[in-house]
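Encoded as structure tokens, the structure appears first; notes follow it.
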Amino acid sequence: MGRKFFVGGNWKMNGDKESIDKIIDFLKAGPLDPNCDVVVGVPAPYLMYCRERLPENVGVAAQNCHKAAKGAFTGEIAAAMIKDCGCKWVILGHSERRNVFGETDELIGEKVAFALENGLHIIPCIGEKLEEREAGKTEEVCFKQLKAIADKVSDWSRVVLAYEPVWAIGTGKTATPEQAQETHAALRKWLSENVSRKIKRSETEVAENLRILYGGSVTAANCKELAKCADIDGSLVGGASLKPEFVEIINASQ
Ligand code: PGA
């Protein structure tokens, strides 16, 4: 009962100190619904800058991290570095990581395992492409991506799942609340049938407690309708998380 509403911001590769200061200002001014967990995914060079300036009630996430502790991995960042910057969260397997940088289900699973073992909270992302939806393969694709993640999760209490249909990301084309709810319900059912029993928790525990966020062109205009859906527990917001309307999206369930 009562999954706490959760809104993540994904700044992607945007921002400089000047524009970040403005975001920090509107997040400080809020007011932010105390019944919503808020986390912003910031570019790696600004992790410490943001953590030092944002209020305690706003978590800070990296947008990616590697599957190894340290070493010869030019350009990568480590879970320990994220923690050393004072941050607790990482977004993993975002569709841009999958589709622009070629990350596979297997690699994302390894990153999930490593980040959790190293104490981070994670926001793993899944979602189908337009041609997959049109071919009626939404569930097949999402379940496959989810399985690669679920098989590697050691602690579900540190996981918030994001369902982001690729065709809705950055396109201004949001899934309808019905489309999103349908997939969220299917994901929760998959979890109740494939995860809970295996790790011998009470049957419904993982599926009922896991927060599943919708992502893809969420704005102040559509966030409330999405928030009303039974299996949508918040959103992961790209473009609109850079703007003051992000506060309205945080407060969508009020
Ligand atoms: P968008 O991005 O809100 O700009 O569509 C969402 C995301 O990629 O997480």
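Per 0.36 nm of contour for each residue apart, how much would the distance between Lys28 and Ala69 grow if the chain were fully extended, relative to their Cα-Cα spacing?
Result: 11.4 nm gained on full extension.
Roughly speaking, what is the stretch gain from Ala185 to Lys173, that is 0.36 nm per residue apart minus the C-alpha to C-alpha distance, in nm to one decimal?
Here the segment from Ala185 to Lys173 would lengthen by 2.2 nm.
Report the Stokes-Einstein translational diffusion coefficient (µm² s⁻¹, integer) for segment 1-132, Rh taken as the Kirkwood radius over Cα pairs, at 20 °C with viscosity 1.002 mPa s.
Result for D is 137 µm²/s.
Based on DSSP H runs of at least 4 residues, each adding -39500 (n - 2.57), what is the mean residue ellipticity at 222 nm of the chain after dividing by all its residues, to the nearest 500 deg cm²/dmol?
Roughly -10500 deg cm²/dmol at 222 nm, from the helical runs in the chain.
Tell me which chymotrypsin sites (Phe, Trp or Tyr not before Pro) from segment 72-110 have a DSSP coil assignment and no more than 10 other beta carbons within 10 Å of their own.
Counting only loop positions with at most 10 other Cβ atoms within 10 Å, the chymotrypsin sites (Phe, Trp or Tyr not before Pro) in segment 72-110 are Phe101.
With each label point set 7 Å from Cα along the Cα-Cβ vector, what nm distance links Phe101 and Glu134?
The modelled label-to-label distance comes out at 2.9 nm.
Give, in nm to one decimal, the length gained when the segment between Lys228 and Asn194 is fully stretched (0.36 nm per residue of separation minus the Cα-Cα distance).
Contour length minus Cα-Cα distance gives 9.6 nm.
Reachable lysines from Lys224, Cα under 27 Å, same-chain residues fewer than 8 places away excluded?
Within the straight-line limit of under 27 Å, Lys224 reaches these lysines: Lys4, Lys12, Lys22, Lys28, Lys129, Lys173, Lys189, Lys243.
Could you tally the net charge around Thr219, taking each other residue with its Cβ under 12 Å from the Cβ of Thr219, Lys/Arg +1 and Asp/Glu -1?
0
In debye, nearest 20: dipole of the chain around its Cα centre with unit charges on the Cβ of K, R (+) and D, E (-)?
I would put it at about 440 debye.
Compare Ala113, Ala72, Ala150 in a GNM of the chain, Cα atoms joined below 10 Å, and give the one with the largest fluctuation.
Its mean-square fluctuation being the largest, the pick is Ala72.
What percent do you get for the relative contact order of the chain when only Cα pairs under 8 Å and 6+ apart count?
Relative contact order for the chain comes out at 22 percent.
Could you compute the longest span of the chain free of GluC sites (Glu not before Pro) located in DSSP loops and having at most 16 other Cβ atoms within 10 Å, not counting the site residues?
Value returned for the longest uninterrupted segment is 77-202.
Rg to Rh for the chain: what is it, with Cα atoms only and Rh by Kirkwood?
So for the chain, dividing Rg by the Kirkwood Rh gives 0.94.
Read-outs: derived from the displayed coordinates by stated rules, not from any lab. All values reported here derive from a predicted model rather than from experimental measurement. Positions of Cβ are generated from backbone atoms using ideal geometry, with glycine treated the same way; all protein chains shown enter the neighbour counts.
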